[in-house]
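Notes follow the structure.
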């Protein structure tokens, strides 16, 4: 083989470098060839978010002490797959999948030594919860508390997801601010 009419002496015809004994030749890449035709578009991947909703409330709600009370989020901000029922504040999964949920509530209480638990419950059974200690006192002896809980669940089509709160003291009011009171959910992928 020759390069520029000279006899090839090395390992690689493009770069005449002597080959070390008992080693394979390592040559630099050649020039890039022409671009081939584009292939067919594949099916959509599972990396895209497939369903998402957000609901809020600015409505006062009675939350008696020692009672597991369903929280209501009647203001639907958006629901891309029509899975949230704002009349019942219940999310009903339309497809099997892994879902992520977050819930929060803004509370005004008088007893800062109180405790409580915020729950996200599936089918009135499987629970994700966050214990809360009510200790953030503001002027006038009142306490403003904004507990939140986030979790992931593997759901089947038809599973129902709701938010509940249980506290050991009387809640004077739910803050009338959508920033404090939210229930959100996202289907991360279908299974």
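List, please: which pairs have Cβ atoms under 8 Å, are six or more places apart or on different chains, and start with a residue in segment 57-75 that is at positive phi and end with one that is part of a loop (DSSP other than H, G, I, E, B) and surrounded by 12 or more Cβ atoms within 10 Å (Cβ to Cβ)?
66/168
Does residue 65 satisfy being modelled with pLDDT of 80 or more and surrounded by 10 or more Cβ atoms within 10 Å (Cβ to Cβ)?
yes
Yes/no matrix, rows are residues, columns are (1) over 24 Å from residue 78 (Cβ atoms); (2) modelled with pLDDT of 80 or more:
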{"position": "136", "(1), (2)": "yes, no"}
{"position": "142", "(1), (2)": "yes, no"}
{"position": "152", "(1), (2)": "no, yes"}
{"position": "161", "(1), (2)": "no, yes"}
{"position": "175", "(1), (2)": "no, no"}
{"position": "187", "(1), (2)": "no, yes"}
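Please verify whether segment 40-53 includes one or more residues that are assigned to a loop (DSSP other than H, G, I, E, B), at pLDDT below 85 and buried (at least 17 other Cβ atoms within 10 Å of the Cβ).
Within segment 40-53, one or more residues are assigned to a loop (DSSP other than H, G, I, E, B), at pLDDT below 85 and buried (at least 17 other Cβ atoms within 10 Å of the Cβ).
Can you pull out the residues in segment 97-115 that are modelled with pLDDT of 85 or more and either assigned to a strand (DSSP E or B) or more than 19 Å from residue 66 (Cα to Cα) (or both)?
97, 98, 99, 100, 101, 102, 103, 104, listed by residue number.
Of everything in segment 68-85, what is assigned to a loop (DSSP other than H, G, I, E, B) and surrounded by 16 or more Cβ atoms within 10 Å (Cβ to Cβ)? Give them in sequence order.
71, 72, 73, 83
The values are calculated or read from the model by the stated rules, or taken from the named source; none is laboratory data. All values derive from a computational prediction rather than experimental measurement. When we count neighbours, we look across all protein chains shown, and the Cβ atoms used for this are built from the backbone with ideal geometry, even at glycine.
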